[in-house]
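Novice: The structure under discussion is supplied below as structure tokens; questions concerning it will follow.
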Amino acid sequence: MKLNKIHHTAIICSNYEKSKHFYSEILGLKIINEIYREDRASYKLDLQVGNYNQIELFSFPNCPKRLSYPEALGLRHLAFEVDDIEEAVNSLNSYYIEVEPIRIDEITNKKFVFFKDPDDLPIELYEA
């Protein structure tokens with residue numbers, strides 16, 4: 001078997017409109033498709049990340065909460081590459097999004113930073 005690339009990352013949110021705004025307006029991801037599945041009382045929003053990747057944003061009623069801090073077992077965090085970390089942090093700050101201090105990767109000497117989405121999912125920005 002040969003895996004070519006990661007096709008998508010799926011995220012279940014607690015407040016669809018708030019998360020849709022966060023990912024499409026604040027982070028600037030392009031909406032590819034949006035549907036409401038009446039039988040599941042659920043929205044599914046496909047968002048484009050760069051040229052090849054997608055995020056599937058789901059809403060389901062009454063979802064259980066999950067630990068989401070970066071060191072929890074399971075999916076650790078979602079990371080996006082950016083060209084200019086300071087510019088990205090300034091953009092997030094303009095929306096009053098709390099961002100951790102910028103750090104330097106000890107192995108690559110690249111800058112990175114963490115912040116959270118509306119459901120406290122940790123998100124990393126990593127400078128190219």
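Novice: Checking Ile107 against (1) among the β-branched types (Val, Ile, Thr); (2) part of a helix (DSSP H, G or I); (3) closer than 24 Å to Lys5 by Cβ, which single condition isn't satisfied?
Specialist: (2)
Novice: Check Ile35 against each of (1) within 24 Å of Glu98 (Cα to Cα); (2) of a type in the set (A, V, I, L, M); (3) modelled with pLDDT of 95 or more; (4) more than 11 Å from the chain's Cα centre (by Cα) and name the one condition it does not meet.
Specialist: All conditions pass for Ile35, except number (1).
Novice: Continuing with this model, one more query. Here is a check on your reading of the model: is Glu34 surrounded by 13 or more Cβ atoms within 10 Å (Cβ to Cβ) and of a type in the set (D, E, K, R)?
Specialist: Values: surrounded by 13 or more Cβ atoms within 10 Å (Cβ to Cβ): yes; of a type in the set (D, E, K, R): yes.
Criteria met by Glu34.
Novice: Now for a different question. If you scan region 14-29, which residues turn out to be closer than 14 Å to Ser42 by Cα, without any contact (Cβ under 8 Å) to a residue 60 or more places away in the chain and surrounded by 15 or more Cβ atoms within 10 Å (Cβ to Cβ)?
Specialist: Result: Tyr16, Lys20.
Novice: Can you pull out the residues in region 29-54 that are at negative phi and outside any strand (DSSP E or B)?
Specialist: Result: Leu29, Glu38, Asp39, Arg40, Asn51, Tyr52.
The values are calculated or read from the model by the stated rules, or taken from the named source; none is laboratory data. On a predicted model such as this, the values are computed, not experimentally measured, just so you know. Glycine also receives a Cβ, built like all others from the backbone with ideal geometry; neighbour counts cover every protein chain displayed.
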